[in-house]
Amino acid sequence: MTTEGSTSTMSIDAARTPADQETLLDVRGLRTEFQTSRGRVAAVRDVSFTIRRRERLAIVGESGSGKSAMAMSIVGLIQPPGRVTAGEIRLGGTDLRGLPDRKLSEIRGNRISLVFQDPMSAFDPIRTIGAQMIENIRAHQPVSKGAARRQAADLLGEVGVTNASSRLADYPHQYSGGMRQRVLIAMALANSPELVIADEPTTALDVTTQAQVLELLDKLVTDRGAALMLITHNLGIVAGFCDTVKVMYAGQLIEESDSRALFAGAAHPYSRELLKCVLRTDRRQDGLLSTIPGTLPDPTQPFTGCSFEPRCPLGKGNPLCRGTEPPVVAVEGPHGTQLAKCHFAGQLELKEER
Amino acid sequence: MLKLILKRFGVAAATILGASLFSFFLLRKLPGDPARLVGGELADEATIASLRHSMGLDSPLPQQFWNYISASFHGDLGFSYSTGQPVSDLVRTRLPATVELGVTGVVTAVLLATVFAAIAVYRKKRGADVSLRVASSLAMGSPPFWLALVAILLLSVNLGIFPGPEGRLSPSLAPPPTVTGFYTVDSLLSGQFGTFVDAARHLILPALTIAVGPFAFLSRLFRSQLRNTMREPFIVVARSRGLTRGSVFLRHAVPNSLLSLVAATAMLTAETMTGSVLVEKVFGWPGVGSMTVDAILQKDFAVVQGVILLSATLYVTVSFLADIVYVVVDPRIRAGAK
């Protein structure tokens, strides 16, 4: 059963229900562009979505799809030559885009905090971990240095650093990569944020610590009742961890699904290809791990039609896909509604069998 | 940590020994007989021969070098062939003037360079940045002795704001009692406020003149270092924690960037003190520089040799100090030093 959503906004949220009380973050028509020598390049193209309180949301896509640019745009930290050129980012009732940097600073690290990909370069190398944690706490809480130090020690203990209060005096280079990522997570949660944006938080870590760090993130986010936006290129860590999944491709959201629904069957051909790239232990897999042939489209060239068309196993060469931007289509499945920006959403099985 | 310091100390001692070896043999191979200089044009051969003997010039070169080195350990650098004064006394009276001038110049340069570079990088408008770059280009291209002449002509002769090239004090004033040898410090220590003002007024122009070159170099270095640091991931991370651009700049970007200035400042200090020969001459500043010029003109080997030894000592001392500063301020190096 397929119903076609409105194509007027050209965005995946077209079929979404209006924002309600439970909405924490409401992003509408977000567009982020970079000024390059070859002209303006849109890294984020008219993205709209909402995050509910306590929601676990995964943003999935390959490198260069605009995930990180979107995260940085939300907190107003897109670095020049990048710039947010359109859209609204509503937290509660306020549009963050309209706020001066000073007001945004009160929100960053406080109501919205970030966990970054590379824990090795995330600390000031010449200041102690303790000094940086205390600075972080005191940026948002009117507490004394001593009180902040006790909080910092508690936090370190909570993320599994042994001898927490003496390790506050250590410098970043005295911590291992996994430990630094734990400290970063502790710092992100120090001021009880409403939303944690974790941008590839485990990518730089070795496999054995990845699971521990994710577990820790999971626990802390749950304890504090925060919402989580997990940005990753690895669908494997999404399953069982996130409630909803949004798939990003070439700066656009192209599928929005309940996470169980996505793993049961993607509505967009790109998501389907992504799923094939995941190593699964619950199914027998023959031969080599699958890859998606081709690369992301050149962002300096204007798009007509579907951005995935040149790589799409279903739509490649199809004049409809090449010429007309796909509408957002709602597909009803056993796990609820899935939204996909594809001319053939909901007909993937039919098309594939041919 | 102690091991590192000892290692550095060994390197420093070897450098000084090498420099004195080099200057010793170089000067011995130059034409001109020191005994003849001391004895004068009219002295007969017998007098010269006895002078050569008493000055130790008739013993073999290695022996002479050994005598020189072992004496210098006791602070005896020989005596000036032209004035007969011990070289160590000459240096002792001249050095404070040079150090006072050099330190004032370099400190001024460091302060101005860091402040202006920080403003240029912090301000988003390009005006400050462009003016700093233009100013430092001009400063780099101006020879110090020429700047000294222009400064005297403009600010002293024409406008009369500063005293002329009359040295460290007005001729009518007596130097303050010697404690450090720095007139500005000594006059304050002895409570002679009038002398302090006069000494400071005499110090400003030459100090600013020698500050120009180091300012140009340091401001460029600090500017590019700050810009690089501001692009470091940890700066963005600190911003994401809610620190404002200003506090990230002051608390993280500036301290990290200052690290890169330590070594450059040390070298510039040594260079300024040993290289401000012409500026000292133009301002009539009674420092080591003007003494060196006179000694070279009079073939006064003992003094030249003493100055070379002093310069080498100065260079290794400041770079040794710079290394120590790094060990103290940079925790990564501190860890490596353990």
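Data table
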item: Any hit, segment B:154-164, residues being in contact (Cβ under 8 Å) with a residue 60 or more places away in the chain and more than 30 Å from B:LEU259 (Cβ to Cβ); result: no
item: Positions within segment B:20-31 being touching a helix residue (DSSP H, G or I) at 6+ places or on another chain (Cβ under 8 Å) and not in a helix (DSSP H, G or I), in sequence order; result: B:LEU30
item: Residue, farthest from B:LYS29 (Cα to Cα), within segment B:65-101, restricted to residues that are buried (at least 17 other Cβ atoms within 10 Å of the Cβ) and at pLDDT below 85; result: B:SER72
item: Residue identified as in contact with a Lys or Arg (Cβ under 6 Å, 6 or more places away or on another chain), modelled with pLDDT of 90 or more, among the small types (Gly, Ala, Ser) and within 21 Å of A:LEU24 (Cβ to Cβ) among A:SER68, A:SER48, A:SER73; result: A:SER48
item: Residue, nearest to B:LEU90 (Cα to Cα), within segment B:268-288, restricted to residues that are more than 8 Å from the chain's Cα centre (by Cα) and surrounded by fewer than 24 Cβ atoms within 10 Å (Cβ to Cβ); result: B:PRO286
item: Residues (assigned to a loop (DSSP other than H, G, I, E, B) and either modelled with pLDDT under 90 or loosely packed, with under 15 Cβ neighbours inside 10 Å (or both)) located in segment A:172-191; result: A:SER176
item: A:SER113 being surrounded by fewer than 24 Cβ atoms within 10 Å (Cβ to Cβ) and either more than 30 Å from A:THR291 (Cα to Cα) or at pLDDT below 95 (or both); result: no
item: Helices (runs of 4 or more DSSP H) within segment A:51-146 that include 2 or more residues more than 8 Å from every other protein chain (Cβ to nearest Cβ), within 30 Å of A:ARG272 (Cα to Cα) and not β-branched (Val, Ile, Thr); result: A:67-74
item: Options B:ALA43, B:ALA49; residue that is more than 16 Å from B:VAL304 (Cβ to Cβ) and either assigned to a helix (DSSP H, G or I) or touching a residue at least 12 places away in the same chain (Cβ under 8 Å) (or both); result: B:ALA49
item: Qualifying residue in segment B:243-265 (condition: within 14 Å of chain A (Cβ to nearest Cβ) and touching a His at 6+ places or on another chain (Cβ under 9 Å)); result: yes
item: Residue within segment B:10-19 that is outside any helix (DSSP H, G or I), at negative phi and either modelled with pLDDT of 80 or more or in contact with a helix residue (DSSP H, G or I) (Cβ under 9 Å, 6 or more places away or on another chain) (or both) present; result: no
item: Residues (small (Gly, Ala, Ser) and crowded, with 24+ Cβ neighbours inside 10 Å) located in segment A:321-342; result: A:ALA340
item: Residue list for segment B:168-196, restricted to those being under 18 Å from B:PHE283 (Cβ atoms), over 23 Å from the mean Cα position of the chain (by Cα) and not hydroxyl-bearing (Ser, Thr, Tyr); result: B:PRO171, B:LEU173
item: Segment B:88-131, residues that are over 18 Å from B:LEU258 (Cα atoms) and over 25 Å from the mean Cα position of the chain (by Cα); result: B:ARG123, B:LYS124, B:LYS125, B:ARG126, B:GLY127, B:ALA128, B:ASP129, B:VAL130, B:SER131
item: Of all residues making up segment A:103-145, the number that are of a type outside the set (D, E, K, R) and in contact with a His (Cβ under 6 Å, 6 or more places away or on another chain); result: 1
item: B:SER156 vs. criteria within 14 Å of chain A (Cβ to nearest Cβ) and over 24 Å from the mean Cα position of the chain (by Cα); result: no
item: Qualifying positions in segment B:209-247 - of a type in the set (A, V, I, L, M, F, W, C) and under 30 Å from B:THR269 (Cα atoms); result: B:ILE210, B:ALA211, B:VAL212, B:PHE215, B:ALA216, B:PHE217, B:LEU218, B:LEU221, B:PHE222, B:LEU226, B:MET230
item: Candidates A:LYS246, A:LYS219 - the one that is basic (Lys, Arg) and part of a strand (DSSP E or B); result: A:LYS246
item: For B:LEU226: the one exception among (1) touching a residue at least 24 places away in the same chain (Cβ under 8 Å); (2) farther than 16 Å from B:LEU112 by Cβ; (3) away from every other protein chain (no Cβ under 14 Å); result: (2)
item: Test: residue in segment A:201-216 that is of a type in the set (Asp, Glu), within 27 Å of A:LEU104 (Cβ to Cβ) and either in contact (Cβ under 8 Å) with a residue 24 or more places away in the chain or within 14 Å of chain B (Cβ to nearest Cβ) (or both); result: no
item: Failed item in (1) assigned to a helix (DSSP H, G or I); (2) surrounded by fewer than 20 Cβ atoms within 10 Å (Cβ to Cβ), with B:HIS252 passing the rest; result: (2)
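The values are calculated or read from the model by the stated rules, or taken from the named source; none is laboratory data. Since the structure is predicted, the reported quantities are computational estimates derived from the model, not experimental observations. Here Cβ is always computed from backbone atoms with ideal geometry, including for glycine, and neighbour counts include all displayed protein chains.
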